[in-house]
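Colleague: What follows is a single structure, and I will ask about it in a moment.
Every number in this text was worked out from the coordinates using simple rules, so none of it is lab data. Note that the structure is a prediction, hence the values are computed from the model and not measured. Don't worry about glycine lacking a Cβ; one is built from the backbone with ideal geometry, like all the others, and counts go over all protein chains shown.
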Amino acid sequence: MLLNDRVCIITGAASARGIGKATARLFASHGARVAVLDLDAGQAEAAARDIGPGHIGLACNVTDRAACSTAAEEIIGRLGRIDVLVNNAGITQPLKIMEIGPENYDAVTDVNLRGTLYMSQAVIPAMRGQGSGAIVCMSSVSAQRGGGIFGGPHYSAAKGGVLGLAKAMARELGPDGVRVNSVTPGLIKTDITGGKLTPELKVEIAKGIPLGRLGVADDVANACLFLASDLSTYITGAVIDVNGGMLIH
Ligand code: NAD
């Protein structure tokens, strides 16, 4: 049990086959009390029920600063504290550079980057007050290799921004006992690609991965568990690649 009685918030955790839900389930199995946040209250509540008793599901659009604060306050009111935040909510779009319109740029940077900022700001006062906390930010191999798999350049930019934001938070919050780290998944089999990755393309992509397969949500959840738990107490500002060797640097 690596997270006994820790209160853990995971954003974007209602998606049935998503990284967030897999992380929520894994954290719960390690004794955590989990707050599942997602756009739809009913789906967030259903996901929380699905991982077991004692967890909560709340509607929270991470692009809305007030909604992030309200969610954090409700979680403190109901579960008493906040030990871990996984900034997992994200969207992507398979666009080429000249296809990116203002609305595409806004949507992708808002959820991935602004959402990471707002949700972190919502939990930092509680973590500072406790003198402890762990924040895990979901970036992507797209940030490191300049996309080229599914997400467009705006997605690479947003996820690159997440890495910078996480490192800066790690530097600023270290003296308060709060650790901030990032995970950079490769291609993980979830619903984020909206069925647009054909089986043929998946086979082609797997050929370029030394471990010979696409990732699964649990591969990423395991890295989040490490970064959320006391196994990583001397690790902050780090970036953990979970990509099967797709990018080795
Ligand atoms: P997913 O689509 O299964 O889950 C994303 C979740 O985020 C959904 O439940 C969605 O409702 C939620 N969400 C979207 N906008 C939101 C908002 N404004 N506020 C709150 N929640 C919101 O996708 P996934 O593949 O599990 O992705 C999880 C994270 O991992 C994302 O940040 C994604 O960019 C990142 N990632 C995924 C892959 C991959 O190959 N699947 C690779 C690298 C990084």
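Colleague: When the Kirkwood hydrodynamic radius is evaluated over all pairs of different C-alpha atoms of the chain, what value in angstrom, to one decimal, is obtained?
Modeller: Its Kirkwood hydrodynamic radius stands at 17.8 Å.
Colleague: For the chain, what is the mean residue ellipticity at 222 nm derived from helices alone (per DSSP H run of n ≥ 4: -39500 (n - 2.57); sum divided by total residues; nearest 500 deg cm²/dmol)?
Modeller: -13500 deg cm²/dmol
Colleague: Taking amide H positions as placed 1.01 Å from N in the peptide plane, with prolines and chain starts having none, which residues 5 or more places from Leu187, or on another chain, fall under 5 Å of its amide H?
Modeller: Gly215
Colleague: Which three lengths, in whole Å and largest first, does segment 122-204 cover when its Cα atoms are put on their principal axes?
Modeller: Projected onto its principal axes, the Cα set of segment 122-204 covers 51, 21, 18 Å.
Colleague: How far apart, in nm, are two points set 7 Å out from the Cα along the Cα-to-Cβ line at Lys202 and at Ser132?
Modeller: Taking the simple label geometry, Lys202 and Ser132 are separated by 4.1 nm.
Colleague: About the Cα centre, and with charges only on the beta carbon of Lys, Arg (+1) and Asp, Glu (-1), how big is the dipole of segment 175-229? Nearest 20 debye, please.
Modeller: Roughly 140 debye, rounded to the nearest 20.
Colleague: Placing +1 at every Lys and Arg Cβ and -1 at every Asp and Glu Cβ, with all other atoms neutral, what dipole size does segment 7-239 have around its Cα centre, in debye to the nearest 20?
Modeller: With Lys and Arg at +1 and Asp and Glu at -1, about 500 debye.
Colleague: Extension gain Arg49-Met1, at 0.36 nm per residue separation less the Cα-Cα distance, in nm?
Modeller: Full-extension gain reported as 15.3 nm.
Colleague: Thr70 label point, 7 Å along Cα→Cβ, cut-off 12 Å on backbone N: hits in segment 7-44?
Modeller: What the label zone holds, given the 12 Å backbone N cut-off, is 41.
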